[in-house]
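Chemist: Attaching a single structure in structure tokens format; questions to follow.
The values are calculated or read from the model by the stated rules, or taken from the named source; none is laboratory data. What you see is a predicted model, and the numbers here were worked out from it, not measured in a lab. Accessible surface is based on the protein model in full, side chains and every heavy atom, while ligands, DNA and RNA are left aside. Shrake-Rupley method; radii C 1.70, N 1.55, O 1.52, S 1.80 Å.
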Amino acid sequence: MVTGASSGIGAATARGLAAEGFRTVLVARRADRIAELAAELTAAGHLATAHPLDITDRAAVDAFAAGLDRCDVLVNNAGGALGADPVASGDPADWRWMYEVNVLGTLNVTQALLPALTASGDGTVVVLTSTAAHGAYEGGGGYVAAKHAEHVIAETLRLEIVGTPVRVVEIAPGMVKTDEFATTRFRGDTEKAARVYEGVASPLTAEDVAATVVWTVTRPSHVNIDLLVVRPRAQASNTKVHREA
């Protein structure tokens, strides 16, 4: 199961897992987008189903989980950033949205599917956080706070379920250029979104991160990739990026 599968890293991850022979369950709020992706994967000879779902709606998540016959891999990809204001003037509504989607959404889905993942005898939980989960930067307070919390979910869960047949993997991407992330953050302002990647010759792509997810999932069962940070070569940290003139 891949959350946030309607675009970007989620869609690329679904394609990558399908190519490895997984039956993919595509989850997102945008029904039309995941239906198109499921049709694409099915036409290519893979097994894929689409399930429109708001992961912040716990009752809906529980009902969805109850309808699954099994779950071997959960990829918690859904999330996002909203705004780039300093802490002093940040909108609490933006912070609340980021916390609910990134943190409570991940919590809802993980709690609902953990019994099935355990029952599989060889389950894997993947949590897509961000380098924001491991270092602060100006203008990122709300997103940084949410991603730090999401990191703690993965770290704590791994401690709590050690000895069960479930791995917990965290993947923390740096600068990834997708069609929607920065545009959503800046509320549709495409000029601001473009400036995020300005002068960066080769930021990561959704496919780069998806390949990382697939690699961690397909390691031998006894191998757990606790944390994998992946950045483009041009990015040394959240605040140090090489930009060509």
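Chemist: Using 0.36 nm per residue, how much length does the chain from Thr239 to Trp215 gain when fully extended, once their Cα-Cα distance is taken away?
Modeler: Numbers: separation 24, 0.36 × 24 = 8.64 nm, distance 2.77 nm.
Length difference between fully extended and current span is 5.9 nm.
Chemist: Just to confirm, what accessible area per residue do you get for the chain at 1.4 Å probe, in whole Å²? Can you show the working numbers first?
Modeler: Numbers: 11620 Å² over 245 residues.
Spelled out: the 1.4 Å probe surface of the chain, per residue, equals 47 Å².
Chemist: Step through the residues of the range 69-75 one at a time and calculate ³J(HN,Hα) from phi using the Karplus curve (6.51 cos²θ - 1.76 cosθ + 1.60, θ = phi - 60°), rounding each to whole Hz and writing x for Gly and Pro.
Modeler: Each residue's phi maps through the Karplus curve to give 7, 6, 8, 9, 9, 10, 10 Hz.
Chemist: Please report how far the C-alpha centroid of the range 188-245 lies from that of the range 69-145, rounded to the nearest whole angstrom.
Modeler: What the calculation gives is 17 Å, centre to centre.
Chemist: Still on this structure, I have one more. Most fluctuating residue of Ala44, Ala133, Ala88 in a GNM of the chain with Cα springs under 10 Å: which is it?
Modeler: Fluctuation is largest for Ala88.
Chemist: Pick from Ala116, Ala19, Ala63: which residue has the top mean-square fluctuation in a GNM of the chain where Cα pairs under 10 Å get a spring?
Modeler: It is Ala63.
Chemist: Where the accessible area of the chain is counted over protein heavy atoms with a 1.4 Å probe, how much of it, in %, is carbon and sulfur? If you can, show how the numbers build up before the last one.
Modeler: Working: 6250 of 11620 Å².
Roughly 54 percent of what the probe reaches on the chain is carbon or sulfur.
Chemist: Can you give me the long-range amide H partners of Val126? Hydrogens built in the peptide plane at 1.01 Å from N, cutoff under 5 Å, separation of 5 or more residues or another chain.
Modeler: When sequence neighbours closer than 5 places are left aside, the close amide H contacts are Leu74, Val75, Asn76, Val169.
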